[in-house]
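S.K.: Here you go, one structure.
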Amino acid sequence: MQKYTSRLTTDGIYKFTELMMNESPRISCLAVRVLIDVVRHQGDSPADISERTTGDRGSTSAENMIKRLAQLKICEIEALSGDERVGQTARKQVYISAFGAELLGLKLR
């Protein structure tokens, strides 16, 4: 996965909310919070993003929003391999996608 840099602009947020309004008219503040957190902390886990955006590491609403953004191709969720011998599940990392970066006006690092 690639990391994008540069500042998130109000124009980028406007384009994002416009896309979300067309796809899901009941856009929430949570969608914007999750998007901003993913931009700031690319490569973090959904649990870390949930903790920062809702205060609850196990928040299903934040994790569902991450999945929704992935369905819209705004972000990508990468599963890293876990140690199956000890029953660990794969760790996930969330990144902005190329489409999301273009939508938001971000550049590659």
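The values are calculated or read from the model by the stated rules, or taken from the named source; none is laboratory data. The shown structure was predicted, so the numbers you read here are calculated from the model rather than taken from an experiment. Backbone-built Cβ (ideal geometry, glycine too); neighbour counts: all protein chains shown.
S.K.: Count, please, the residues in the stretch 20-48 that happen to be within 19 Å of residue 105 (Cα to Cα), out of contact with any Cys (no Cβ under 7 Å at 6 or more places or on another chain), buried (at least 17 other Cβ atoms within 10 Å of the Cβ) and of a type outside the set (S, T, N, Q).
M.R.: Number of matching residues: 6.
S.K.: Restricting attention to the stretch 67-105, and to residues there that are in a strand (DSSP E or B) and hydrophobic (A, V, I, L, M, F, W, C), which single residue is modelled with the lowest pLDDT?
M.R.: Taking the candidates together, the pick is 79.
S.K.: If you go through the stretch 1-44, how many residues are aromatic (Phe, Trp, Tyr) and part of a helix (DSSP H, G or I)?
M.R.: 2
S.K.: Might you let me know whether the stretch 45-53 holds any residue that is β-branched (Val, Ile, Thr), closer than 14 Å to residue 1 by Cα and not in a loop (DSSP other than H, G, I, E, B)?
M.R.: Checked the stretch 45-53: no residue is β-branched (Val, Ile, Thr), closer than 14 Å to residue 1 by Cα and not in a loop (DSSP other than H, G, I, E, B).
S.K.: Another one. Going through the stretch 8-19 one residue at a time, which ones are touching a Gly at 6+ places or on another chain (Cβ under 6 Å) and either surrounded by 13 or more Cβ atoms within 10 Å (Cβ to Cβ) or within 13 Å of residue 75 (Cα to Cα) (or both)?
M.R.: 12
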